[in-house]
Amino acid sequence: MKKQHIAGVFTARAAITLVATTATLLIAGCTTLPSAEESLAAIKSSFSERGIAKLDRLDQTEIQRLCSEANMTGKDIDKKTADKIQTALYDKIPYPKDGFIGDWREGERIAQNGRGMQFTDAAGVPNGANCYACHQISPQEISYGNQGPSLLKYGAIRQVKDANSKEAEPIVKYTWARIWNTHSVNLCSNMPRFGDAGILTEQQIKHVMALLLSPDSPVNK
Ligand code: HEC
């Protein structure tokens, strides 16, 4: 297999797809499934490190491992275990002490920006979020992916009139948790863990929150 370079923030997904591909190839050739270790070794041998992109990106978290296993075997994680892990994650979400809502204009720039964590990026350059790769967000942007649900009118649909108000708190906290660590609200979610994995800073997440929740954001017009 041709060596590939590790690039971008979505390598965990790429790894899952590769595990599936490796498994399918091996099943075609023989009857036994490779172990998780054998699959990981096969995947690692087909990538090479370059610049800031190291092979440890292919190491799955325990949750990704559980979800991949469920995917490959077709057997769901039992509901009690899933609920327990998810609740523990939700309880550990760090909420900001000085407000959740930044500037939607900055948020739009961050959501549009697909740079960061690639082997061509210098270390320490702020990452983008690339939200548009998976979501419709502002109506002005007509180029977007649809792996995730449309976020058009996200705050308006949820009747958020003032994102800093007490009434808005539950939806504001849910949205923060979703962006910080998506597994805390949907265990086997396919969305990146923007805060937990250190992709975005707390301040960047505040700006993205404003994009989704501020009544004056184009998303809610
Ligand atoms: C790789 C694709 C991907 C990217 C990039 C991504 N998301 Fe998601 N997002 C999803 C998927 C898929 C879901 C729903 C299902 C799930 O949890 O996997 C989702 C769900 C959501 C939800 C919950 C919607 C609801 O109605 O409850 C919010 C809010 C959200 N994403 C915001 C964002 C923001 C903000 C960004 C950028 C900072 C972003 N997403 C980037 C894939 C993505």
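The values are calculated or read from the model by the stated rules, or taken from the named source; none is laboratory data. It should be emphasised that the depicted structure is a prediction, and the values quoted were computed from it without experimental measurement. When we count neighbours, we look across all protein chains shown, and the Cβ atoms used for this are built from the backbone with ideal geometry, even at glycine. Only protein heavy atoms, including side chains, enter the accessible area calculation; ligands, DNA and RNA are left aside. Shrake-Rupley method; radii C 1.70, N 1.55, O 1.52, S 1.80 Å.
Is it true that some residue in the range 54-73 is touching a Lys or Arg at 6+ places or on another chain (Cβ under 9 Å) and closer than 30 Å to ALA163 by Cβ? No, that holds for no residue.
When TRP176 is tested against (1) away from the ligand (no atom under 13 Å from the Cβ); (2) surrounded by 15 or more Cβ atoms within 10 Å (Cβ to Cβ); (3) at pLDDT 95 or above, just one condition goes unmet, and that condition is (1). Inside the range 65-101, residues that are open to solvent by less than 30 Å² (accessible area, probe 1.4 Å), within 15 Å of the ligand (Cβ to nearest atom) and assigned to a loop (DSSP other than H, G, I, E, B) make up a count of 1. Within the range 128-154, the residues that satisfy the criterion of being more than 10 Å from the ligand (Cβ to nearest atom) and at negative phi are GLN136, SER138, PRO139, GLN140, GLU141, ILE142, SER143, TYR144, LEU152. A Cβ distance below 7 Å, combined with a sequence gap of six or more or placement on separate chains, defines the contacts here; from the range 112-130, residues that are open to solvent by 60 Å² or more (accessible area, probe 1.4 Å) reach residues that are away from the ligand (no atom under 12 Å from the Cβ) and among the β-branched types (Val, Ile, Thr) in the pairs ALA123/ILE52.
Close contacts from the range 183-212, counting a first residue that is in the same structural domain as GLU169 (by TED's automatic domain parsing) and a second that is hydroxyl-bearing (Ser, Thr, Tyr) and open to solvent by 30 Å² or more (accessible area, probe 1.4 Å), with Cβ to Cβ under 8 Å and a gap of 6+ residues or different chains, come to SER184/TYR90; VAL185/TYR90; VAL185/TYR174.
Out of GLN136, GLN159, one residue alone is surrounded by 16 or more Cβ atoms within 10 Å (Cβ to Cβ), free of Cβ contacts under 8 Å to residues at least 24 places away in the same chain and more than 30 Å from GLU49 (Cα to Cα). It is GLN136.
Confirm whether GLN204 is under 24 Å from GLN118 (Cα atoms) and more than 9 Å from the ligand (Cβ to nearest atom). No.
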